[in-house]
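The values are calculated or read from the model by the stated rules, or taken from the named source; none is laboratory data. Values in this document were obtained by computation on a predicted structure and should not be read as measured data. Glycine also receives a Cβ, built like all others from the backbone with ideal geometry; neighbour counts cover every protein chain displayed. Note: areas computed on protein heavy atoms with side chains; ligands, DNA, RNA excluded. Shrake-Rupley method; radii C 1.70, N 1.55, O 1.52, S 1.80 Å.
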Amino acid sequence: MTDAQDSEPKIPLGVGTLIADSFSILFRHIIPVVVIGFIPSLFGVLLGGYLVGFEAVLGLEETSASSGGASALISLIDLVVYSITTAFMVQLAYDAKLRRPVRIGKYIGPAMAAIFPIAILGIAVGLLMGLAALAFVLPGLWVYAVFSVMEPAVVIERLGFKGLGRSEKLTKDYRWPIVGALVITWICALVIIIIALVVADLALTSGILAVSIVIYAALTAVGTGLISILTALIYARLREIKEGVSVDEIAAVFD
């Protein structure tokens, strides 16, 4: 699958700057990022553990439960967790970008209002990615790039289930640069998740499942937060390029 409309963009997306800014925001606000990402991550681990077993969710054991339908279910749960986390994180990203104080209390209302459509649309995107990836990996990545800014669009513009169409419009002509930015950041997030698995495994070996789950949820919140921040910055950059809307104007929605 190729994007026939994706000619060379006139204005670069600025992948390097977006990634650097994402890491800068993450490191400067690591505690709020963990606080925001921890609850959705913990919910995902507990739900997945209840449905398929904690060892399968934490990747600590090769069992039949971690294959086939169970793996697909875990992937869908992860996508929903990511979507919910992003609903909160987009607001933090803009406050951080503008060097304003992080205001977690103010993020709750807009995020909660967007959680239902974001969760449903996140599952839809996951299914579309899965179908596209049945051919090869690249089509799956391309599909994800098409809908990559759905979460910020829903939260900021209050579009509800129209978020997919809005993302499709905004990402047009920039999907392959978005794929590049996401892949680089996913690799970094994967390193964090691998560390989380190792630490969780050590805790579980000591016979303390609760500690293992908490550590895993906290560390994966960092990886998820990094990708969420990048997604928020990509959305802001696309609106700046295509519509002349500044980050200040986007963030003003929450003031």
Share of carbon and sulfur in the accessible heavy-atom surface of the range 113-205 [1.4 Å probe, %]: 80 percent
Viscosity 1.306 mPa s, temperature 10 °C, Stokes-Einstein D of the chain from Kirkwood C-alpha radius, µm²/s: 86 µm²/s
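Once you have the Cα-Cα distance between THR205 and LEU134, take 0.36 nm times their residue separation minus that, and quote the gain in nm to one decimal.
Extra length from THR205 to LEU134 when fully extended: 21.9 nm.
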Pairwise FRET efficiency - LYS106 versus ARG28, Cβ, R0 = 25 Å, nearest 0.05: 0.85
Nearest 10 degrees, 0 to 90: helix 137-146 Cα axis against the chain principal axis: 50 degrees
